[in-house]
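One structure is given below, encoded as structure tokens.
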2 protein chains.
Amino acid sequence: MNTTTKTQREFHLKSRPEGVPGKDNFELVEAEMPEPGTNQFLVQNEWLSVDPYMRGRMREGESYAEPFQIGEPMEGGCVGKVIQSNNDEFREGDYVLGNQGWREFWVSDGQGVQRIDPELDGVEIQNHLSVLGLTGMTAYVGLLEIGKLNEGETVFVSAASGAVGSIVCQIAKVKNCRVIGSAGSSMKIEWLKDVAGIDEAFNYHDTNDVSAKLKELCPDGIDVYFDNVGGDHLKGAIDNMNQNGRIVCCGAISGYNDKQPRPGPNNLFKIIGKRLRVEGFIVRDHYDLQEKFVKDMGGWIRAGKIIWEETVTQGLNNTPEAFIKLFNGDKMGKALVKV
Amino acid sequence: MNTTTKTQREFHLKSRPEGVPGKDNFELVEAEMPEPGTNQFLVQNEWLSVDPYMRGRMREGESYAEPFQIGEPMEGGCVGKVIQSNNDEFREGDYVLGNQGWREFWVSDGQGVQRIDPELDGVEIQNHLSVLGLTGMTAYVGLLEIGKLNEGETVFVSAASGAVGSIVCQIAKVKNCRVIGSAGSSMKIEWLKDVAGIDEAFNYHDTNDVSAKLKELCPDGIDVYFDNVGGDHLKGAIDNMNQNGRIVCCGAISGYNDKQPRPGPNNLFKIIGKRLRVEGFIVRDHYDLQEKFVKDMGGWIRAGKIIWEETVTQGLNNTPEAFIKLFNGDKMGKALVKV
């Protein structure tokens, strides 16, 4: 590590993608090495998070977060080490969680940055970007706070082997629920059944009628659908929801790369008769639950009730590939980049 | 009135409609005059309610109420007079509200039947089928209990001059909200602005872009959308909803007569970023609120804060026409039949 380097490398948005993003939408730029000023500290990133929501920020216009700007650095979750500090709260050698990903070095005055304990029992530093971070908390908040899951209910999870979905499945098992998951490969289906221990799982490539498949696997209906994909999964879930069922809208990855948005399900009228609640959420609105989340999730991890997968890509320069892979179904669990 | 008649007339479902129902889907049948047994009473209907939800019950299969059976009597809300009684609670001369519409006479042991006060201040007996009945209560429960309306918010109501919509608009005005309504004729728009006193109203026939129209009329966005129609109104509302907005799913009349269900809006992904809650309800689940509803609504009526329209069709034999007219936009307010 050479902190006297005068430059550091960072990815900028080069152009807005049409359809699935490509490597040429990103540019690796040699930028000036930032200097920590008064009350600031310098961080060297060790781990970066790539997440589907970033696709939304590559689009111009309406999104829940500001769009990335062309010619400006990308952002995202990251874990790094403080290597120089003028700040009393963040000391040299501290590990921190921040949102200045897609780059090697960054400075901060500490706003929006959290110190993490690198020696937590059963947890490695990068897990603060996955199971113990916003990814795990998205699963926790969505299923329990928005979905109001009750013990013994039936839960359907799409993209069930993904970063969020795989945690949702296992929290639901902790709550003694019957859990059905969908994923896109036989390897993922095996993992869901044999490793994550859910009750039923199906490969959505093997059916052209998600609704019929769910009817077969959930003869008593679905109480909570945790929606990571939208599209035909949402339609199939609505067909099979029980009265007073809840649909947690967390992601709609099936449509993220559409040039023209696709029509929605043709069975929304069932929301009325079945008294369904369909609710979207953003985990950042629920930071008041973080302490409870860390306590619960930490306990479940130490009790061996939650396991997780991470797909690690090596090297900052491969960050765009790691991101693009989110959309071709090639990874298990949380996608991370080791800088 | 001749209670010694040995027959009474009732409408049966003759065939299931494809598309918009026609008169030939119904059959007027001379049936045996029912005799009140032990603890029963005989009612002569004076007023019948026809409602869009009945279209759902004419369809085979999934609906929130049992489908009507071919060759069996239709049902629906009705107000009638007890003309013979073996029941201590329901005496001869009492007026009652029941669900045995589409016919002249019926018997009951009182289950599901309510006595009504024919001399209530400012209210006529048929109003118990409209503003003071399930119609008004649907508006009340949907807007306040499901929509969780707050004072001063912006509310959009589709089918705003209809039975439910017109009451929704006025409850929202009682709550000091800004109210925007859509309807299908210039007469209805005038009524909404000049009589019901809402802030803005538009004729949806005059625009092919509900979303743009709403953007113009609701520059500060929509907090609660009371959805009676689905389709492009739902899409337009989603485009203009504010963060944490609520969409109350009460009806989807735009699709009730479709032979093939139409695709849903292509902007459902906005439910996530805007943290929307989309919730369906059925008023019958909320009878615990009835006392509060009658007290509040009675007060608003006596204070002149709620006015209502009724479109009355004369004669039992014209009940199918009154029902069919619900779908061609020809009526104002609540549709009733005077037997």
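Solvent-accessible area of residue A:117, all protein chains in place: 80 Å² (probe radius 1.4 Å, heavy atoms, ligands and nucleic acids excluded). Ascending distances from the residue B:288 label point to its copies in the other chains, with the point 7 Å along the Cα-to-beta-carbon line: 2.3 nm.
A P(r) calculated from all alpha carbon pairs of the range B:74-145, with 10 Å bins opening at zero, reads 19, 48, 28, 5, 0 percent. Contact order for the range B:161-223, expressed relative to its length and based on alpha carbon pairs under 8 Å spaced 6+ residues apart, stands at 29 percent.
Considering only beta bridges that DSSP places wholly inside the range B:23-150, some 95 percent are antiparallel. Given contacts defined as C-alpha pairs under 8 Å and at least six residues apart, what's the relative contact order of the range A:234-329, whole-number percent? Computed value for the range A:234-329: 29 percent relative contact order.
Helices in chain A, meaning DSSP H runs of at least 4 residues, each add -39500 (n - 2.57). Divided by all residues, the mean residue ellipticity at 222 nm is -5500 deg cm²/dmol. Rounded to the nearest whole Hz, the Karplus-based 3J(HN,Hα) values (6.51 cos²θ - 1.76 cosθ + 1.60, θ = phi - 60°) of the range B:30-39 follow the sequence 7, 10, 5, 5, x, 10, x, x, 4, 6, with x at glycine and proline. When A:166, B:85 are compared by accessible area of protein heavy atoms, the largest-first order is B:85, A:166, using a 1.4 Å probe.
The trypsin sites (Lys or Arg not before Pro) of the range A:159-259 that meet both conditions, a loop assignment by DSSP and at most 10 other Cβ atoms within 10 Å of the site Cβ, are A:259.
Plainly put, the tip 7 Å out from Cα toward Cβ on residue B:84 is 10.1 nm from that tip on each other copy, the closest given first. Toward the positive end of the charge dipole of chain A, with +1 on the Cβ of Lys and Arg and -1 on the Cβ of Asp and Glu, the farthest Cα among A:333, A:210, A:40 is that of A:210.
With both partners inside chain B, how many of the DSSP beta bridges are antiparallel, as a percent to the nearest 5? Beta bridges within chain B, antiparallel portion: roughly 50 percent.
Heavy-atom surface analysis with a 1.4 Å probe gives the range A:54-146 a carbon and sulfur content of 38 percent of its accessible area. Taking amide hydrogens as placed 1.01 Å from N in the peptide plane, the amide H of residue B:181 sits under 5 Å from those of B:157, B:200, B:201, B:202, each at least 5 positions away in sequence or on another chain.
Sorted shortest first, the separations between the residue A:338 label point and its copies elsewhere in the assembly read 8.5 nm; each point sits 7 Å from Cα along the Cα-to-Cβ line.
Could you state how much accessible area is buried at the B-A interface, both sides summed, with a 1.4 Å probe, in Å² to the nearest 100? Please report the intermediate quantities before stating the final value.
Numbers: alone 15840 and 15800 Å², together 29280 Å².
Result for this pair: about 2400 Å² buried.
For the range B:46-75, a reduction of at least 40 Å² in accessible area between the chain on its own and the assembled protein chains (probe 1.4 Å) is found at B:62, B:64. Going by accessible surface with a 1.4 Å probe and the largest first, B:262, A:16, A:284, B:103 read B:262, A:284, A:16, B:103. Each residue was assigned an accessible area with a 1.4 Å probe, and for residue A:206 the value is about 130 Å².
The Cβ shell under 10 Å around residue A:171 holds other residues with a net charge of +2, Lys and Arg each +1, Asp and Glu each -1. To the nearest 10 degrees, how steep is helix B:290-302 against the longest Cα principal axis of chain B, on a 0 to 90 scale? Between helix and principal axis, roughly 80 degrees. Diffusion coefficient (Stokes-Einstein, Kirkwood radius over C-alpha pairs, 37 °C, 0.692 mPa s) for chain A: 158 µm²/s, rounded to a whole number.
Taking a straight Cα-Cα cut-off under 16 Å and skipping sequence neighbours fewer than 8 places away in the same chain, the lysines within cross-link reach of residue B:23 are B:14, B:325. Based on alpha-carbon centroids, what's the gap between the range B:41-85 and the range A:221-252 in Å, whole number please? The two parts, judged by their Cα centres, are 33 Å apart. Rolling a 1.4 Å probe across the protein heavy atoms gives the range A:150-200 an accessible surface of 32 Å² per residue.
Accessible surface computed residue by residue for the range B:206-339, with neighbouring protein chains in place and a 1.4 Å probe, gives 43 Å² per residue. Across the range A:185-196, computed HN-Hα scalar couplings (Karplus, 6.51 cos²θ - 1.76 cosθ + 1.60, θ = phi - 60°) run 8, 5, 5, 5, 5, 4, 4, 4, 6, 8, 9, 6 Hz from first to last residue, x flagging Gly and Pro. Toward the positive end of the charge dipole of the range A:74-226, with +1 on the Cβ of Lys and Arg and -1 on the Cβ of Asp and Glu, the farthest Cα among A:77, A:98, A:87 is that of A:77. Listed values for the range A:117-128 are Karplus-derived 3J(HN,Hα) couplings in whole Hz (6.51 cos²θ - 1.76 cosθ + 1.60, θ = phi - 60°), namely 8, x, 10, 5, 4, x, 10, 9, 4, 5, 5, 6, and x replaces Gly and Pro.
The values are calculated or read from the model by the stated rules, or taken from the named source; none is laboratory data. All values reported here derive from a predicted model rather than from experimental measurement. Using ideal geometry, Cβ is built from the backbone for each residue, glycine included, and neighbour counts are taken over all protein chains shown. Each accessible area value is taken on the protein alone, full model and side chains, heavy atoms only, with ligands, DNA and RNA left out. Shrake-Rupley method; radii C 1.70, N 1.55, O 1.52, S 1.80 Å.
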